[in-house]
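Trainee: Here it is, the structure in full.
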Amino acid sequence: MNPNQQWPAMNWPVPDIIAKYLQIASAADGADADRIAACFTEDGQVTDVDEAIRGTAAIREWWQGPATRFRYSMEVLDGHALGNDRYVVFIRLVGNFPGGVADFAERFTVQDGHIAELDIALRAPGSPAGETSVR
């Protein structure tokens, strides 16, 4: 999978599992819950703007509910490695949710070829890369 074809802003070596997650997530389809959950370790955790979800069964439910409640398109704005097996991807969602546009920092920790942790935080509009408004 070459994420640079879909997201030109991703001009750094992104692990395959993150590229796979972003590709699935960009469709925002609740039917993809099994594919999303398969990206994570069995005890993987998603923190979605301060709500923690742990384990693939809970991640599957999160994807079928809050994560895909609205229709949206996703644009990858930037990203980089944070250290060993840690990465951040900055994305913009445009959709039918309140406000219509939202920027997020998605911080990934990768373990054994799967996502062990995903921390999704809102970014203040126009904030520098790496800065979030919710922590």
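Trainee: Amide H of residue 115: which non-local residues (sequence gap of 5 or more, or other chain) have their own amide H closer than 5 Å, using H built in the peptide plane?
Mentor: Under 5 Å from the amide H of residue 115 lie the amide H atoms of 40, 41, each far enough along the sequence or on another chain.
Trainee: Could you work out the local net charge near residue 103, counting Lys and Arg as +1, Asp and Glu as -1, over the other residues with Cβ closer than 9 Å to its Cβ? Provide the component values of the computation, followed by the final result.
Mentor: Numbers: positive: 92, 123; negative: none.
Every neighbour counted, the sum reads +2.
Trainee: With a cut-off of at most 15 other beta carbons within 10 Å, and DSSP calling the residue loop, which chymotrypsin sites (Phe, Trp or Tyr not before Pro) in the range 1-108 qualify? Please list them.
Mentor: Details: sites: 21, 40, 62, 63, 70, 72, 87, 90, 104, 108; in loops: 70.
The qualifying sites are 70.
Trainee: Another question about this same structure. Once amide H atoms are placed 1.01 Å from N in the peptide plane, what residues at a sequence separation of 5 or more from residue 82, or on another chain, have their amide H within under 5 Å of its amide H?
Mentor: Under 5 Å from the amide H of residue 82: 87, 88.
Trainee: Taking loop as defined by DSSP and a crowding limit of 14 other beta carbons within 10 Å, which trypsin sites (Lys or Arg not before Pro) in the range 22-117 fit? Each step should come with its number before you reach the end.
Mentor: Details: sites: 35, 54, 60, 69, 71, 86, 92, 107; in loops: 69, 71.
The qualifying sites are 69, 71.
Trainee: What list of ³J(HN,Hα) couplings, whole Hz, do you get for the range 13-30 from phi and the Karplus terms 6.51, -1.76, 1.60, once you set θ to phi - 60° and write x for glycine and proline?
Mentor: Here the 3J(HN,Hα) series is x, 8, x, 3, 5, 5, 4, 5, 4, 4, 5, 5, 5, 5, 7, 6, 10, x Hz.
Trainee: Viscosity 0.692 mPa s, temperature 37 °C: give me the Stokes-Einstein translational D for the range 3-123 in µm²/s, with Rh taken as the Kirkwood radius over C-alpha pairs. Mind dumping the intermediate values first?
Mentor: Working: Rh = 14.3 Å.
My calculation gives 230 µm²/s for D.
Trainee: Near the amide H of residue 47, under 5 Å away, which other amide H atoms are found, from residues 5 or more places off or on another chain, if H is placed in the peptide plane?
Mentor: Correct list: 53, 118, 119, 120.
Trainee: Say the dipole of the range 3-123 comes from +1 at the beta carbon of Lys and Arg and -1 at that of Asp and Glu; which of 21, 121, 77 then lies farthest toward its positive end?
Mentor: Projecting each Cα onto the dipole axis, the largest value belongs to 77.
All of the numbers you see were taken from the coordinates with simple rules; none came from a lab. Since the model is a prediction, treat every value here as computed from it, not as a measurement. When we count neighbours, we look across all protein chains shown, and the Cβ atoms used for this are built from the backbone with ideal geometry, even at glycine.
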